[in-house]
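**Q** Please see the structure below; I have some questions.
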Amino acid sequence: MKTTILLIEDEAAIRQMLIFALEAEGFHVSEASTAEKAWSLLVQCEKEQLDYPELILLDWMLPGASGLDFSKRLKRHTATAKIPVIMLTARGEEDDRVRGLESGADDYVVKPFSPRELIARIKAVLRRRSGESVEEILQIGVIKMDLLNHQVLVKGEEVKLGPTEYKLLKFFLQNKNRVFTRAQLLDSVWGHQVVLEERTVDVHIRRLRKALAKVDAESQIQTVRGAGYRLSQ
Ligand code: CA
């Protein structure tokens with residue numbers, strides 16, 4: 001199967017040139033001229049359960065939401081956070097590059113660049129990604145999650161969780177010690193197309209705590225007053 005690249009670039013000429021070069025290399029390209037359009041493509045992937053693109057080429061100067069905004073948005077959603085991003089920046093925008101890499105972009109190329117140079121970077125990023133070992137066990141303190149067997153252990157004892165509680169716990173384990181607001185949890189765990197009350201989060205946190213407390217009374221999911229929730233070690 002072909003590797004899909006999502007290309008986000010507002011200049012039609014550059015888009016055409018890149019599509020031509022990428023397709024010649026055997027990639028499948030989906031394209032968008034704005035961040036908003038690109039986002040709806042990703043939402044469509046989620047809705048129709050299609051595969052997400054394997055890599056995103058992101059122009060930094062876009063009309064409407066900028067490349068930076070888009071990159072941050074990608075990283076906020078679990079489904080899209082892991083897609084590697086290569087930024088396409090204009091010469092002299094050093095600040096943008098720094099902010100881009102801080103926002104989670106994997107690499108950048110400076111315009112004007114040759115398609116050959118870009119393709120070499122793409123291949124390097126994809127190679128790096130495939131070499132990364134997929135985490136199979138997540139652990140904080142006495143809580144251990146085996147992703148392959150879909151099993152949660154507390155102090156070695158199995159704990160049965162509902163699907164939402166499982167997803168919540170997984171998210172916390174992947175983001176140790178970080179505080180999340182209810183809105184962020186709804187967005188990341190339930191997905192952005194779902195409209196739910198923030199109280200829903202409290203209900204599932206309560207269930208999760210209760211399930212964990214069966215083995216270990218000391219809950220590691222802390223309420224941070226005025227902010228949200230955190231799983232700490
Ligand atoms: Ca542009």
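The values are calculated or read from the model by the stated rules, or taken from the named source; none is laboratory data. On a predicted model such as this, the values are computed, not experimentally measured, just so you know. Neighbour counts are summed over all protein chains in view; Cβ atoms, including those assigned to glycine, are modelled from backbone coordinates with ideal geometry. Areas reflect the complete protein model, heavy atoms only, side chains present, ligands, DNA and RNA absent. Shrake-Rupley method; radii C 1.70, N 1.55, O 1.52, S 1.80 Å.
**Q** So Pro115 fits all but one of (1) assigned by TED's automatic domain parsing to the domain that holds Met87; (2) within 25 Å of Lys75 (Cβ to Cβ); (3) in contact (Cβ under 8 Å) with a residue 60 or more places away in the chain; what number is the exception?
**A** That leaves (2) as the condition not met.
**Q** Any residue at all in segment 131-149 that is in a helix (DSSP H, G or I) and either out of contact with any Phe, Trp or Tyr (no Cβ under 6 Å at 6 or more places or on another chain) or not acidic (Asp, Glu) (or both)?
**A** Within segment 131-149, one or more residues are in a helix (DSSP H, G or I) and either out of contact with any Phe, Trp or Tyr (no Cβ under 6 Å at 6 or more places or on another chain) or not acidic (Asp, Glu) (or both).
**Q** If a residue has to be more than 28 Å from Leu55 (Cα to Cα), touching a residue at least 24 places away in the same chain (Cβ under 8 Å) and open to solvent by 90 Å² or more (accessible area, probe 1.4 Å) to count, how many in segment 140-178 make the cut?
**A** 3
**Q** Hey, any hits in segment 4-11 for a residue that's more than 16 Å from the ligand (Cβ to nearest atom) and either under 24 Å from Arg99 (Cβ atoms) or in contact with a Lys or Arg (Cβ under 7 Å, 6 or more places away or on another chain) (or both)?
**A** Yes, segment 4-11 contains a residue that is more than 16 Å from the ligand (Cβ to nearest atom) and either under 24 Å from Arg99 (Cβ atoms) or in contact with a Lys or Arg (Cβ under 7 Å, 6 or more places away or on another chain) (or both).
**Q** Please count how many residues of segment 197-212 are more than 12 Å from Leu161 (Cα to Cα) and open to solvent by less than 70 Å² (accessible area, probe 1.4 Å).
**A** 4
**Q** Okay, next question. Filter segment 47-61 for residues that are surrounded by 15 or more Cβ atoms within 10 Å (Cβ to Cβ) and more than 16 Å from the ligand (Cβ to nearest atom) and give the result. Write out each step before concluding.
**A** From segment 47-61, those surrounded by 15 or more Cβ atoms within 10 Å (Cβ to Cβ) are 52-61; that's our starting set.
Once the filter is applied, which keeps residues that are surrounded by 15 or more Cβ atoms within 10 Å (Cβ to Cβ) and more than 16 Å from the ligand (Cβ to nearest atom), segment 47-61 yields Tyr52, Pro53, Glu54, Leu55.
**Q** Based on what the data block shows, is Glu102 open to solvent by 80 Å² or more (accessible area, probe 1.4 Å), in contact (Cβ under 8 Å) with a residue 60 or more places away in the chain and away from the ligand (no atom under 15 Å from the Cβ)?
**A** no
**Q** Of everything in segment 83-94 that's out of contact with any Leu (no Cβ under 9 Å at 6 or more places or on another chain) and at pLDDT 75 or above, which residue is surrounded by the fewest Cβ atoms within 10 Å (Cβ to Cβ)?
**A** Ala90
**Q** Can you tell me which residue is nearest to Ser66 (Cα to Cα) among those in segment 13-46 that are within 16 Å of the ligand (Cβ to nearest atom) and open to solvent by 50 Å² or more (accessible area, probe 1.4 Å)?
**A** Step one: list which residues in segment 13-46 are within 16 Å of the ligand (Cβ to nearest atom), which gives 13-19, 31-38.
If we keep only those that are open to solvent by 50 Å² or more (accessible area, probe 1.4 Å) too, we end up with 13, 16-17, 31, 36-37.
Working: Ala13: 19, Gln16: 21, Met17: 22, Glu31: 16, Glu36: 10, Lys37: 12 Å.
Here the residue is Glu36.
**Q** Could you please tell me which pairs satisfy a Cβ distance under 7 Å, a separation of 6+ or placement on different chains, a first residue in segment 216-228 that is free of Cβ contacts under 8 Å to residues at least 40 places away in the same chain and in a loop (DSSP other than H, G, I, E, B), and a second residue that is hydrophobic (A, V, I, L, M, F, W, C) and open to solvent by less than 70 Å² (accessible area, probe 1.4 Å)?
**A** Correct list of pairs: Ser219/Leu212; Ser219/Ala213.
**Q** Something else about it: What number of residues within segment 62-81 satisfy the criterion of being in contact (Cβ under 8 Å) with a residue 40 or more places away in the chain and away from the ligand (no atom under 13 Å from the Cβ)?
**A** Count: 4.
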